[in-house]
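For reference, the structure is listed below as structure tokens.
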Amino acid sequence: LATALVCGAPVIASAQETTTSVNFGAASSYQFRGINQNINDDIQIFAGIDASAGDFYVGAWASNVDFGSEANLEIDAYAGFKPKLGPIQLDFGILGYFYPQEDDLRIFEAKAAGTIANEAGMSLTGSVFYSPENGKDGPASVYGELAGALPLPNAKVGPFALGLNAAIGTATYDTNPNLPDYTNWRFGVSAAENGWAVDLFYTDTDVEDNVLYEAKTVVQVKRSF
């Protein structure tokens, strides 16, 4: 699926020039929307590829996971387009989360987002994700998030420019005792230079007495080119 999406980008964008990028990295813990994706707190290793042509984009991404079951690999594929409406950068897309060892865990989502940014790099993004089924015969869900980024132009660590970022999100599921509705938040500092990025962030949720939703401090290193 990922190969088909990437190869199809030039066709979708009516033969406009296609650009590609690759990324890979590691993190001390894999946290997704406030939920721990490695219950043994193993180091996360991930890599991805993206292609864009005009307003259209496609991509694929992979990471190790550990839910305490057979699944140990996550592969994501996504596609969408980013039109502009005045000062707002819109983003409409579809995403698929696949687990080869446990196909019943797969999830599909539709995404709608909008970002406002200024020339200094300050940005505010609102996003909504809808999934009709979380895993085979699982509940539908809606996840909404508001995220902001603030560059610190006069703050550097060596050649790395620093910035602050924060986000708050809420997840709502159809009635399901194993998937509670919850709110999560994240804030941190990032350092970036010439394709390298280092992120230090803290994340937590309002769910109590559940190891998957516990607070975490995470360090992540990423390289893009």
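The values are calculated or read from the model by the stated rules, or taken from the named source; none is laboratory data. Everything numeric in this text was worked out from a predicted model, so none of it was measured. With ideal geometry, Cβ positions are generated from the backbone for all residues, glycine too; neighbour counts draw on all protein chains shown. Note: accessible area is taken over every heavy atom of the protein model, side chains too, but ligands, DNA and RNA are not part of it. Shrake-Rupley method; radii C 1.70, N 1.55, O 1.52, S 1.80 Å.
Every residue, every condition in (1) of a type in the set (S, T, N, Q); (2) surrounded by fewer than 18 Cβ atoms within 10 Å (Cβ to Cβ); (3) under 30 Å from Glu208 (Cα atoms), yes or no:
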residue	(1), (2), (3)
Phe24	no, yes, no
Phe46	no, no, yes
Ala51	no, no, no
Gly59	no, no, no
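So which of Glu109, Glu119 is assigned to a loop (DSSP other than H, G, I, E, B) and of a type outside the set (Ser, Thr, Tyr)?
Glu119
Working only within segment 26-44, note down all residues that are modelled with pLDDT of 95 or more and open to solvent by 60 Å² or more (accessible area, probe 1.4 Å).
Phe32, Ile43 - these are the residues of segment 26-44 that are modelled with pLDDT of 95 or more and open to solvent by 60 Å² or more (accessible area, probe 1.4 Å).
Go through (1) among the charged types (D, E, K, R); (2) within 21 Å of Lys216 (Cβ to Cβ); (3) free of Cβ contacts under 8 Å to residues at least 12 places away in the same chain one by one and return the number of the condition Arg33 breaks.
(3)
When Phe225 is evaluated against the numbered criteria (1) more than 22 Å from Arg106 (Cβ to Cβ); (2) touching a Pro at 6+ places or on another chain (Cβ under 7 Å); (3) open to solvent by 80 Å² or more (accessible area, probe 1.4 Å), which criterion, by number, is the only one it fails?
Of the numbered conditions (1) more than 22 Å from Arg106 (Cβ to Cβ); (2) touching a Pro at 6+ places or on another chain (Cβ under 7 Å); (3) open to solvent by 80 Å² or more (accessible area, probe 1.4 Å), the odd one out for Phe225 is (2).
Within segment 126-147, can one find any residue that is within 23 Å of Ser224 (Cα to Cα), open to solvent by less than 60 Å² (accessible area, probe 1.4 Å) and of a type outside the set (A, V, I, L, M)?
no
Residues of segment 149-197 being hydroxyl-bearing (Ser, Thr, Tyr) and open to solvent by less than 70 Å² (accessible area, probe 1.4 Å), which ones?
Thr170, Tyr173, Tyr182, Thr183, Ser190 - these are the residues of segment 149-197 that are hydroxyl-bearing (Ser, Thr, Tyr) and open to solvent by less than 70 Å² (accessible area, probe 1.4 Å).
Does segment 78-92 contain any residue that is within 25 Å of Val142 (Cβ to Cβ) and touching a Ser or Thr at 6+ places or on another chain (Cβ under 6 Å)?
Checking segment 78-92: at least one residue is within 25 Å of Val142 (Cβ to Cβ) and touching a Ser or Thr at 6+ places or on another chain (Cβ under 6 Å).
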